[in-house]
Amino acid sequence: METVVLKCGTDITLHACDTAWTADAVTPSVDTVDFKEGTGSMSVTTTGTGLQCHGSFSSIDISAKTHIQFYVKADSDTAAGKFTLRVSILTDCSAAYDTLSFPALTAGVWTLCALELSIASALTQAKSIGLVQNTAGDVGIHIDSVLAVNACSYDTYGVKGLDDVDGIRLWPGVMNECPDGERRTSPSAYGRMPMFTIAPGTTKTQRLWLVVPFALASTKAVLYANEEIAVVFQDAEVPFSSEWLRGTPIGRAYPMAFLEKSVRATSPTSWS
Amino acid sequence: MVIKFIIPSVPSEVSFTSPLMVRGFDDVDDFELVNPVNQVGLEGTLIQSCIGFRRIITVDLGVVFDKTSRVFLTTWMLAADRQLEYASETLAVTPRDPTGFSSVIKESKYFRRYRFEVMDKVPLTTIPAAWEYTGAWYDADSLPIFGSDGVPIYVRT
């Protein structure tokens, strides 16, 4: 099984991490060399346990969002749950309104996280986010581009077309035939063709989310292998159907086929 | 679970108590996007949008033994407005194939099986009531299944 996160709609930026967070247990800085988005990332070396530092912002209503998305990098391997991201309705992040547990992190690798909010509908006045260390052991941490997003996570049988060379769409996909019969093409870019089958065992909420809002949204993305890829459906009219395993509606699988929304002339980082 | 074919203008209706399959009505199975638009930008970027979606609902009634019910199906197809009632939702539908329907006869003309494909008459932009329904039990093909999503009970015949 491989997990993909599907995302749709307009993201809300909570903190771009291009400016410094506020010190609590330690003083963070802005790293303008090692970052994923914008001009910098939040950089800190943790100490002890508890709230390390926080980033505040003007009150934002994120009650319609389901997940907090961000990039994180640790300078050593860390276990799942060592860190949590605190979402607070207080400017100083002194009390948690929601706590999101980090997955295990690999040293030196930017990890794209999409962590589900447990009380999203009540977060009408989010004012800060904070980094909390739950177990002792100092670690250098970078965080970048913290967003509130509308997303849903799915188990799949395996993902094709994103992290390796599978299908591609060439652009422009035209062929000219010369008067002498010679045929010429000159594509300048390409887009990937992500494909996967959502495995049976989805909840009703996950199945409904595939249509409303995901299928209806004009902005869609797939989060996989630490990469976010904007996509559209390969078939715009009938984007997907369920497959009833053994002819029964109890086990529904969903084959999904997408096209990368934009095109590129160079290989994506996930291919390397 | 009972599926009811309704002609609201008369009004008249016929219920089928044990359809072999109802697909797409009470969960996410088949649907189509309405007025899907594909655009390709000069630089190759794809843009896609639509105004809503329609469920594609397949009803396999199995063998319909009662001639009155068989004739009613024709009346239902002829009606300008047709409804289906299933999984706590009464739904205005339109046939996927407007040219007609035919029975499936295997080996004997005395056992006529009917299978319909219909769609939501009106495009949807929100989750329909029947998709929220979780108490359904199912008959699927020749393998009856009782229970619900959370607690399926298989009965092998």
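Taken over the range A:129-146, the criterion of being in contact with a Cys (Cβ under 9 Å, 6 or more places away or on another chain) and either closer than 18 Å to A:D11 by Cβ or not in a strand (DSSP E or B) (or both) is satisfied by A:I129, A:I143, A:D144, A:S145, A:V146. If you go through the range B:21-36 one residue at a time, how many are more than 9 Å from chain A (Cβ to nearest Cβ) and crowded, with 20+ Cβ neighbours inside 10 Å? Total satisfying the criteria: 1.
Within the range B:37-60, one or more residues are under 15 Å from the mean Cα position of the chain (by Cα), touching a residue at least 12 places away in the same chain (Cβ under 8 Å), more than 8 Å from chain A (Cβ to nearest Cβ) and under 23 Å from B:Y110 (Cβ atoms).
Taking each residue of the range A:191-206 that is at the interface with chain B (Cβ under 10 Å from one of its Cβ atoms) and looking for partners that are among the acidic types (D, E) and assigned to a strand (DSSP E or B) with beta-carbon atoms closer than 6 Å, six or more apart or interchain, yields A:G191/A:E260. Looking at the range B:45-67, which of the residues that are touching a Pro at 6+ places or on another chain (Cβ under 7 Å) and not in a strand (DSSP E or B) is farthest from B:I127 (Cα to Cα)? If we take residues in the range B:45-67 being touching a Pro at 6+ places or on another chain (Cβ under 7 Å) and not in a strand (DSSP E or B), then B:C50 is farthest from B:I127 (Cα to Cα).
Considering (1) β-branched (V, I, T); (2) under 18 Å from the mean Cα position of the chain (by Cα); (3) crowded, with 19+ Cβ neighbours inside 10 Å, the lone condition that A:T78 does not fulfil carries the number (2).
Note on the range B:91-120: residues that are outside any strand (DSSP E or B) and without any contact (Cβ under 8 Å) to a residue 40 or more places away in the chain total 12. Within the range A:215-234, being charged (D, E, K, R) and either farther than 26 Å from B:V37 by Cα or at the interface with chain B (Cβ under 7 Å from one of its Cβ atoms) (or both) holds for one residue alone: A:E227.
For the range A:235-268, filtering for residues that are more than 23 Å from A:R169 (Cα to Cα), surrounded by fewer than 17 Cβ atoms within 10 Å (Cβ to Cβ) and facing chain B (nearest Cβ under 10 Å) leaves 4.
None of the figures in this text is laboratory data; all of them are computed from the coordinates on show. All values derive from a computational prediction rather than experimental measurement. Glycine also receives a Cβ, built like all others from the backbone with ideal geometry; neighbour counts cover every protein chain displayed.
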